[in-house]
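Each remark here refers to the structure printed beneath this line.
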Amino acid sequence: PQTVYLSDYKPFGWRVEDVSLTFRLAPEATRILSRIRFAPDPAAPAQDFFLHGEDVSLIRATIDGAEVTPEITPQGLRCAVPEGAFTWEAEVEIAPASNTALEGLYMSGGMYCTQCEAEGFRKITYYPDRPDVMATFSVRIESDLPVLLSNGNPTGSGDGWAEWHDPWPKPAYLFALVTGDLRNHPDTFTTRSGKEVALNIWVRPGDEGKCAWGMEALKKSMTWDEEVHGREYDLDVFNIVAVDDFNMGAMENKGLNIFNSAAVLASPETATDANFERIESIIAHEYFHNWTGNRITCRDWFQLCLKEGLTVFRDQQFTSDLRSAAVKRIEDVAQLRARQFPEDQGPLAHPVRPESFQEINNFYTATVYEKGAEVIGMLKRLVGDEAYAKALDLYFDRHDGDAATIEDWLRVFEDATGRDLSQFKRWYSQAGTPRLSVEEAWDDGTYTLTFTQVTPPTPGQPDKAPQVIPIAVGLLSPNGDEAVPTRMLEMTEGKQSFAFEGLSARPVPSILRGFSAPVVLERDVPAEERAFLLAHDADPFNRWDSSRSLAREALIAMIRDGAEPDATWIDALGRVLRDETLDPAFRALMLGLPTQAELAQVLHEKGVTPDPDAICNSTEAMADAMAKRFEPMLDDLAAQAQVDAPYAPDAEQSGKRSLGGAVLALRTRLDGGAAARAQFAAADNMTLQLSALTCLIRAGEARAELDAFHDQWQGDRLVMDKWFGLQIAAADPAEAPDRAKALTQHPAFDWKNPNRFRAVLGALAMNHAGFHHKTGAGYRLLADWLLRLDPLNPQTTARMCSAFQTWRRYDTGRQAMMKEQLERIAAKDGLSRDTSEMVGRILS
Ligand code: B3K
Ligand code: ZN
């Protein structure tokens, strides 16, 4: 397969002035007529005229009305063209019903839909399928199905046809078309300049009752972008469609967002609080792309973080504004450590802006998205809120309608603030998680912190230069008061000192407040000092993180040295839990132990080979010890977690329910499941039903409830995904591979549906000790299924290969077994480009 390099970027050579497309839809033989007006780009060097096209049959093509015979290759076509502007017309045929890759135009449950990002439009027709070619599109759809949708505004419709026009120039990856027998949930929104916009959520018959929450989230997002960034919506209609077969969460097509049904449909009975929160943030994310992504897009796919990092950062801010900023920050950092750190410290490490790829779909990663968002957060911390707002205004003004680059983005900040960001730019080009170590000195009223940063080598990058690291530090007096409020230290050197003068007593530092940079803080803090911070730190993130570090260290001592659970930490935690002034959601987070995968990651960072069984056993022993120690206060906590109002998935109620869930998990360790069984029987919402079921599965007491749940929900695809996933993710690790295998034989295991496939095989990978079962059964089962899925759906297959990315850190036996499976996949004839790149990188 061919490798594409950032340094090879060349413009296309022509401008596309206007595109008009006619779709004659038929499952096995859809005809697409295109009429495209090309004009030479005076700024680009002369070159051959090449249009992308894959798996499309060309029926005929003309230039300015005269028939032409282009040279066709598997990637596209080449053709002699006139010197000036010309009109290209082509008719092609494709077979959406046989498109199992879910990229391009495909069918899902009787409806037609598209997914074009990153390079799917070339599976629809011949076109310069690259983000820097932007054009206005007119679309005519001919089909017997009742609902016919495309981008932009509707311009006409009749029996069996509809026409749409999108006045905003866009790259082909934002093209979308949906047709089907759909029902809508309509609403309207009036923008602050008084324009009325029709809003619709389109779903399959039967799902109408699950749209209200998504619609509320959409209106909140529209308001937020107006209030915070002054950005209004720019079409007469905004459509969202829910689709069952989808490779990821959702897609921001201009005016026609397409969502995985799991990322938009929700009702209290069928979705958990966490589902509601996730839906709210995905709706916001896709809506925010209308400005950051669509109005301003990327010049090429190496710039993906330009739209993704920024849009994730915007959706995170939206959620913090709507809910609790402290809780949101803790959740995001926990995610970053769980998903991005392993990537950044293993064979798949790549810069936030990668410099080469074989298959771009493999780079929609935690690094591009989540670390990309962290980089923007750092920029905001460094320049300050006001300058950030000013820079964003300049970005929107200067680049509206552009296909931009990271250089453009940084220049906006330089121009708005007068700062030189050349060193900061290393965050975009250097892969790997910097490690920050700290020394402290106290001398007669002056307290000095000396930091050292080191970024370990990553593939292709043996040596790293120092990065700019914003380090938020506050100092506490011995009585727990804030002696020096948060100060943003700006580290630019490999080793650098910062002094705080005029202190009356040696302070206790609270470092990296709010997780001010995506680094690993390496500091041997005495347990008493962490406990002090756990009790007094004014920064909620660091307060949580002190507890987390204590838990981690206690667990590591148990795993490595067979130590007993640390009673001092448990007692300190108990004092926090009893504090009724603290948000229940925050207390629930405090009660959560680090995941087993996180413990494996931390052991690896410390140079220790993680033993999955020891990690699992120690975690269980710690949870048992917590349950015993906290038993006397469980009733009180449960009472504080009680919700006495009709169900609402807001921050307050969800916080209480998550505290209730954490309490129930402890209680189940003491009562054999009695309380969980009662909660399961009485539950009138999915959050309570599922938290009870989880406890029972963990206790090995869930047979009857699993059957009851199955019978109750077998008609609901999304709830059934939970049924499949939970009994594997929460299974006793010794049984997890067998459980997963048995479920792959269940009649409802529709493995071609990505949600169902992930529910089973993804859940196995999430059961850390189960996946790493010492027989290798987990590895074999996953590899068997990846091999089976690859010919049908390379994108989902390749993504799930990352379950193996940490293979080198385990013991030699497990390493050999994982390597064997990776090599078995790599050796498969006809392996997709997606999977072959992933497996190749993981093995390298
Ligand atoms: N931009 C899409 C992701 C497309 C993934 C293509 N493999 C969704 C999003 O980030 O909003
Ligand atoms: Zn996005």
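Would you mention how many residues in the stretch 277-317 are surrounded by fewer than 23 Cβ atoms within 10 Å (Cβ to Cβ), of a type in the set (Val, Ile, Thr) and within 12 Å of ligand 1 (Cβ to nearest atom)?
Summing the residues that are surrounded by fewer than 23 Cβ atoms within 10 Å (Cβ to Cβ), of a type in the set (Val, Ile, Thr) and within 12 Å of ligand 1 (Cβ to nearest atom) in the stretch 277-317 gives 1.
Give me the pairs, please: first residue somewhere in the stretch 761-780 and assigned by TED's automatic domain parsing to the domain that holds Glu820, second residue anywhere and in a helix (DSSP H, G or I) and of a type in the set (Val, Ile, Thr), beta-carbon distance under 6 Å, and either six or more positions apart or on two chains.
From the stretch 761-780, the pairs are Ala763/Ile728; Leu764/Ile728.
Going by what's in this entry, would Lys819 be described as assigned to a loop (DSSP other than H, G, I, E, B), among the basic types (Lys, Arg), in contact (Cβ under 8 Å) with a residue 12 or more places away in the chain and not assigned by TED's automatic domain parsing to the domain that holds Gly104?
No, not satisfied.
Name the residue, out of Val643, Val719, that is among the aliphatic types (A, V, I, L, M) and not in a helix (DSSP H, G or I).
After ruling out the rest, the residue left standing is Val643.
Restricting the search to the stretch 122-159, which residues are without any contact (Cβ under 8 Å) to a residue 60 or more places away in the chain and touching an Asp or Glu at 6+ places or on another chain (Cβ under 6 Å)?
Pass one, the stretch 122-159, residues without any contact (Cβ under 8 Å) to a residue 60 or more places away in the chain: 144, 146-148, 155-159.
Answer for the stretch 122-159, where residues must be without any contact (Cβ under 8 Å) to a residue 60 or more places away in the chain and touching an Asp or Glu at 6+ places or on another chain (Cβ under 6 Å): Pro146, Thr155, Gly156.
On the given criteria, is Ala325 free of Cβ contacts under 8 Å to residues at least 60 places away in the same chain, small (Gly, Ala, Ser), away from ligand 2 (no atom under 16 Å from the Cβ) and within 30 Å of Thr223 (Cα to Cα)?
So Ala325 fits the description; yes.
With the condition kept exactly as written, say whether any residue in the stretch 431-453 is under 24 Å from the mean Cα position of the chain (by Cα), in a helix (DSSP H, G or I) and hydroxyl-bearing (Ser, Thr, Tyr).
No, the stretch 431-453 contains no residue that is under 24 Å from the mean Cα position of the chain (by Cα), in a helix (DSSP H, G or I) and hydroxyl-bearing (Ser, Thr, Tyr).
Residues in the stretch 786-805: is at least one modelled with pLDDT of 95 or more, charged (D, E, K, R) and not in a helix (DSSP H, G or I)?
Yes, the stretch 786-805 has at least one match.
So Ser429 ticks every box in (1) exposed (fewer than 13 other Cβ atoms within 10 Å of the Cβ); (2) under 30 Å from Gln303 (Cβ atoms); (3) of a type in the set (Gly, Ala, Ser) but one. Which box is left unticked?
In the conditions (1) exposed (fewer than 13 other Cβ atoms within 10 Å of the Cβ); (2) under 30 Å from Gln303 (Cβ atoms); (3) of a type in the set (Gly, Ala, Ser), Ser429 misses (1) alone.
Does Gln316 satisfy being over 30 Å from Arg411 (Cβ atoms), at pLDDT 95 or above and within 16 Å of ligand 2 (Cβ to nearest atom)?
No.
Do you know which residues across the stretch 358-374 are polar (S, T, N, Q) and part of a helix (DSSP H, G or I)?
To start, the set of residues in the stretch 358-374 that are polar (S, T, N, Q) comprises 358, 361-362, 365, 367.
Across the stretch 358-374, the qualifying residues are Asn361, Asn362, Thr367.
Under 9 Å between Cβ atoms, at least 6 apart or on separate chains: pull out the pairs that start in the stretch 713-739 with a residue that is surrounded by 19 or more Cβ atoms within 10 Å (Cβ to Cβ) and end on any residue that is hydroxyl-bearing (Ser, Thr, Tyr) and assigned to a helix (DSSP H, G or I).
Arg717/Ser261; Leu718/Ser261; Leu726/Thr694; Ala729/Thr694; Ala730/Thr694; Pro737/Tyr779
When you go through Arg337, Arg411 one by one, which is the residue that is in a helix (DSSP H, G or I) and either within 16 Å of ligand 1 (Cβ to nearest atom) or under 16 Å from the mean Cα position of the chain (by Cα) (or both)?
After applying the criteria, what remains is Arg337.
When you scan the stretch 789-813, how many residues do you find that are touching a residue at least 60 places away in the same chain (Cβ under 8 Å) and over 19 Å from Gly249 (Cβ atoms)?
The number of residues fulfilling the criteria is 7.
Evaluate the stretch 286-307: report whether one residue or more is within 16 Å of ligand 2 (Cβ to nearest atom), of a type in the set (Gly, Ala, Ser) and touching a residue at least 40 places away in the same chain (Cβ under 8 Å).
Yes, some residue in the stretch 286-307 is within 16 Å of ligand 2 (Cβ to nearest atom), of a type in the set (Gly, Ala, Ser) and touching a residue at least 40 places away in the same chain (Cβ under 8 Å).
Out of Ser7, Ser20, report the one residue that is touching a residue at least 40 places away in the same chain (Cβ under 8 Å), loosely packed, with under 12 Cβ neighbours inside 10 Å and either assigned by TED's automatic domain parsing to the domain that holds Trp161 or not in a loop (DSSP other than H, G, I, E, B) (or both). Working first, answer last.
Working: Ser20 fails: loosely packed, with under 12 Cβ neighbours inside 10 Å.
Ser7 is the lone residue from the list that is touching a residue at least 40 places away in the same chain (Cβ under 8 Å), loosely packed, with under 12 Cβ neighbours inside 10 Å and either assigned by TED's automatic domain parsing to the domain that holds Trp161 or not in a loop (DSSP other than H, G, I, E, B) (or both).
Would you mind finding the one in Ala97, Ala118 that is surrounded by fewer than 16 Cβ atoms within 10 Å (Cβ to Cβ), of a type in the set (A, V, I, L, M, F, W, C) and within 30 Å of the chain's Cα centre (by Cα)?
One residue alone meets the criteria, Ala97.
Which one is farthest from the chain's Cα centre (by Cα) among residues in the stretch 244-285 that are part of a loop (DSSP other than H, G, I, E, B) and within 12 Å of ligand 2 (Cβ to nearest atom)?
Asn253
The values are calculated or read from the model by the stated rules, or taken from the named source; none is laboratory data. These numbers come from a predicted model, not from an experiment. Every residue, glycine as well, gets a Cβ built from its backbone with ideal geometry; the counts of neighbours run over all protein chains shown.
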